[in-house]
1. Taking the criterion of being surrounded by fewer than 24 Cβ atoms within 10 Å (Cβ to Cβ), under 29 Å from A:Gly224 (Cβ atoms) and of a type in the set (D, E, K, R), would at least one residue in the range A:122-134 satisfy it?
2. For the range A:1-84, list the helices (runs of 4 or more DSSP H) that sit wholly inside it and hold at least 1 residues that are modelled with pLDDT under 85, more than 27 Å from B:Ala112 (Cα to Cα) and hydrophobic (A, V, I, L, M, F, W, C); which are they?
3. Do you know which residues across the range B:140-153 are away from chain A (no Cβ under 13 Å) and surrounded by fewer than 19 Cβ atoms within 10 Å (Cβ to Cβ)?
4. Look through B:Arg102, B:Arg47 and report the one residue that is under 27 Å from B:Phe34 (Cα atoms), within 10 Å of chain A (Cβ to nearest Cβ) and at pLDDT 90 or above.
5. Please work out if B:Glu95 is more than 26 Å from B:Val213 (Cβ to Cβ) and more than 9 Å from chain A (Cβ to nearest Cβ).
6. Suppose the filter is facing another protein chain (nearest Cβ under 8 Å) and among the polar types (S, T, N, Q); does B:Ser59 pass it?
7. Given the residues B:Gly64, B:Gly58, B:Gly82, which is the only one that is of a type in the set (Gly, Ala, Ser) and either surrounded by 23 or more Cβ atoms within 10 Å (Cβ to Cβ) or modelled with pLDDT under 90 (or both)?
Amino acid sequence: MTTVVLVFGGRALKKFRRTPIQLLDVAVHPVVFTLIFSFLFGGAIGGSIDAYIGYLVPGILVMTLLVTTGTTGAALSVDITTGVYDRFRTLSIRPGAVLVGALIGDLVRYALASVVVIALGLALGFRPAGGVPGVLAAVLLVLLFAVSLSWLWTLLALVTRTPGAVLAVTQAVLYPLSFFSNIFTTPTTLPGWLQAFVDVNPVSRLVTVVRALMAGTAPGASLGWLLLACALLTAVFAPLALRRFRSAG
Amino acid sequence: MHAVEASGLVKAFGGTRAVDGIDLTVPAGSVYGFLGPNGAGKTTTIRILATLLRPDAGSARVFGHDVVEEAAAVRDRISLTGQYASVDETLTGRENLVLLARLHRMSKAAAAARAAELLDTFGFTDTADRLVRTYSGGQRRRLDIAAGLVVAPDLLFLDEPTTGLDPRGRNEVWSLVRALVAGGATVLLTTQYLDEADQLADRIAVIDHGRLVAEGTGSQLKASVGGGTLRVRLHDPAERDVARRLLGRVLGETLALDADPAVLTARPDAAGAAATALAELSWAGVEVAEFALGQPTLDEVFLALTGTAAPKEKVA
């Protein structure tokens, strides 16, 4: 089982290296968003770039990884539309190995994206009070959340089987959730109804905890809720995806 | 033991019954051909037998193992090469084969050795380390078949292995299939081409609208269709009436006048009848500019077997 999972993970990485467009997600996306929001809006939103960058980096980290999870689903559905998956499914290997292996490959992508975000932040003057342990804990939490959420997109890819549809759905969900959250600005200036939404938006919860971890303050009960959310996402969507993968015609 | 035994297979998608009650016996060690137009149910049947689809009704056994209940045991004995290249375009030919060998739980060294061996056999000496994306259709298909042979299967499914290949590519695939069966494997292939089924398959099942409309050896099927189409072009269109009388005596009601005023067509029962008819013309001094006795086409097989023309194919 382990070898097979690693073989699939290796395949995912090889494909990733050779598909430059996927590098856009992990490299260009965070750079563009960080630069736009720090230099263009930073002064207006946060008073100064220096003051704002500490607020922005944890948010960009979350947004980048969430958006990258969408590509996970799309890449999987591309795989399904070619005949490769049919061949995998006629091998006597556990169907889970195929999907878990793909996620391991994605995990590397997510980690790479995290490095890009943090490195750029540091270059722009981001000095997290939580130090290395705080940043590491924050990154691990976002990685965990991204992988857990990927099961949902994996299921979506298996159900719709069209890369375009998967990309459209994930972006239609992930971008609004990212923008109507506390990633870029504090919700206090928002109209009441929107503020209510931002407060219940799970992305806001995640960003709040990531900020706390990076700042070296106690994340509080929210951390527990997030871990529970990760467990629930995985517990619900991983078995559904596996069942769908096994029976998909 | 038979390689495949299926009875009463049914699979519906939405309202359409893609497979509508197929019974099948494939003897081990032979090439078995599924012949039919696109949408006839060939691929669906193969996918059921290869454990990729669950039948709605009926049952199938591969080497005695039920394809639903004992799918894992079936998978140990089969390999499938699908209609669309089931290889990874973003990997090289070698990487594809190594990947599959590793998935068959070979060690790294054994996987590399097996891949090298297959690449050599299948003529990928110069192209082994190029991305599959850059391969020609024929190369892709060859790699596809090689991928199905990483661990020599007892039963190999080939879904339209030569569709889209040039004549040279087709010939290569055909020799591959023959070599496989000579080595003891059973091959179940689908095709839209009668001559392909005829060249390769020991037995042929003709499938249309999810049903088996005929089954037998190539010669049995052809006998049921007749000797094909005879087309005669006269030197002088004015002689067509004479020719029509002469040919009609031998070929009977099947004789028809073409839109071209110098051409007559007929569907003789046997090639011999066509030869006799041509001799009649020659005796009577009617000059023939050209004639052709065509193999029965798939359309004609369908016409003869089902009474309806093969449905117009949609291009996949």
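1. yes
2. Details: elements: A:2-18, A:20-23, A:29-35, A:42-46, A:49-81.
Of the helices (runs of 4 or more DSSP H) lying wholly inside the range A:1-84, those with at least 1 residues that are modelled with pLDDT under 85, more than 27 Å from B:Ala112 (Cα to Cα) and hydrophobic (A, V, I, L, M, F, W, C) span A:20-23, A:42-46, A:49-81.
3. First pass over the range B:140-153, keeping only residues away from chain A (no Cβ under 13 Å): B:142, B:152.
Across the range B:140-153, the qualifying residue is only B:Ala152.
4. Values: B:Arg102 fails: under 27 Å from B:Phe34 (Cα atoms).
Answer to the check: B:Arg47.
5. no
6. On the way: facing another protein chain (nearest Cβ under 8 Å): no; among the polar types (S, T, N, Q): yes.
Taking the combined requirement at face value, the residue does not satisfy it.
7. Numbers: B:Gly64 fails: either surrounded by 23 or more Cβ atoms within 10 Å (Cβ to Cβ) or modelled with pLDDT under 90 (or both); B:Gly58 fails: either surrounded by 23 or more Cβ atoms within 10 Å (Cβ to Cβ) or modelled with pLDDT under 90 (or both).
On inspection, the qualifying residue turns out to be B:Gly82.
The rows are residues; the columns are (1) of a type outside the set (A, V, I, L, M, F, W, C); (2) part of a strand (DSSP E or B).
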| position | (1), (2) |
| --- | --- |
| B:Lys11 | yes, yes |
| B:Leu24 | no, yes |
| B:Thr43 | yes, no |
| B:Arg47 | yes, no |
| B:Leu52 | no, no |
| B:Glu69 | yes, no |
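The values are calculated or read from the model by the stated rules, or taken from the named source; none is laboratory data. Remember, it's a predicted structure, so these values are computed and weren't measured experimentally. Note: ideal-geometry Cβ built from the backbone for every residue, glycine included; neighbour counts use all protein chains shown.
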